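Single-structure report; data block below.
Please treat every number below as a calculation from the coordinates, not as lab data. Because the structure is a prediction, the values reported are computed rather than measured. Cβ sites come from the backbone with ideal geometry, for glycine too, and all protein chains shown count toward neighbours.
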Amino acid sequence: MKKIQMVDLVSQYEKIKPAIDSAIMDVLQSAQFINGAEVAGFQKELELYLGVNHVIPCANGTDALQISMMALGLKPGDEVITPSFTYIATTEVIALLGLKPVFVEVNQETFCMDASKLEAAITPRTKAIVPVHLYGQAADMNAIMAIAKKHKLFVIEDNAQAIGSDYHLLDGSLVKTGTIGDIGCTSFFPSKNLGCYGDGGAICTNDDLYSINDLLPGSCSQTKNV
Ligand SMILES: Cc1ncc(COP(=O)(O)O)c(C=O)c1O
């Protein structure tokens, strides 16, 4: 019996080998390894694919979450609501910044945050909600955005496991996950839906306030909870 690997990156590579090899050779020959033309091209393509105003590529999905929380000016002690079931990076970053993770149980059908339990977790110290779109399934963003708007909370979507997923907004429009909240974060870890050869991640936002410079840690201090 032939064993089938869950994530077979070698077979995947072999199918697209000529394109990958020639792209890697182009990078080697240009010697633009960091933030070069290939990254700029990818940034633009991803903006078009996601239908979002700004994509800011970064080192990995964990950094994307950290940079986003720092850019929003979240301060130690601020509470951030997130699902109790996710990859550790979501909560790790909240704790690393001295923020307090407040967990909401997940819906047993989707494994995403149960929006019906969200409002009970909000306190006067709550500053942000970090829903996680898991296994390609979208969190209940219509309900989450309505609650965030009511309580003036930031929404940072952890889209590391769902880039490319479609979501129907209440107005009937179809959008990509990661483009609904204030900021969306994703990971290009090799085994992800859209994996890279190495480590990679990106932040996206429709808010023109968050230019690349604004997303540099500590450079802006937004507040919604006023
Ligand atoms: C839900 C979720 N968030 C964040 C991350 C972190 O991404 P990275 O491994 O690129 O730092 C991952 C990666 O596994 C993830 O699954």
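Points to keep in mind about this one:
- Positive-end residue, the chain charge dipole about Cα centroid, Cβ charges, pick of GLY178, MET141, GLY77: GLY77
- Reachable lysines from LYS152, criterion Cα separation under 21 angstrom, eight or more residues apart if same chain: LYS75, LYS100, LYS117, LYS127, LYS224
- Taking a ≥ b ≥ c as the square roots of the eigenvalues of the Cα gyration tensor, region 1-97 is oblate, since a/c reaches 1.5 or more and a/b is not larger than b/c.
- Dipole of region 53-205, positive end: most advanced residue of ALA95, ILE163, PRO190 [Cβ charges, Cα centre]: ALA95
- Charge dipole of the chain (Cα centre as origin; +1 on each Lys and Arg Cβ, -1 on each Asp and Glu Cβ, all else neutral): 360 debye, rounded to the nearest 20.
- Here's the list of lysines a cross-link from LYS17 could span, going by alpha-carbon distance under 30 Å and ignoring same-chain residues fewer than 8 apart: LYS2, LYS3, LYS44, LYS176, LYS192.
- Neighbour-count order for CYS185, CYS204, CYS58, fewest beta carbons within 10 angstrom listed first: CYS58, CYS204, CYS185
- By average C-beta atoms within 10 angstrom, highest first, the peptides 195-203, 159-167: 159-167, 195-203
- Residue-averaged [θ]222 nm for the chain, counting only DSSP H segments that reach four residues, each worth -39500 (n - 2.57): -9000 deg cm²/dmol
- Region 70-137: C-alpha gyration tensor shape, a/c 1.5 cut-off, then a/b vs b/c: oblate
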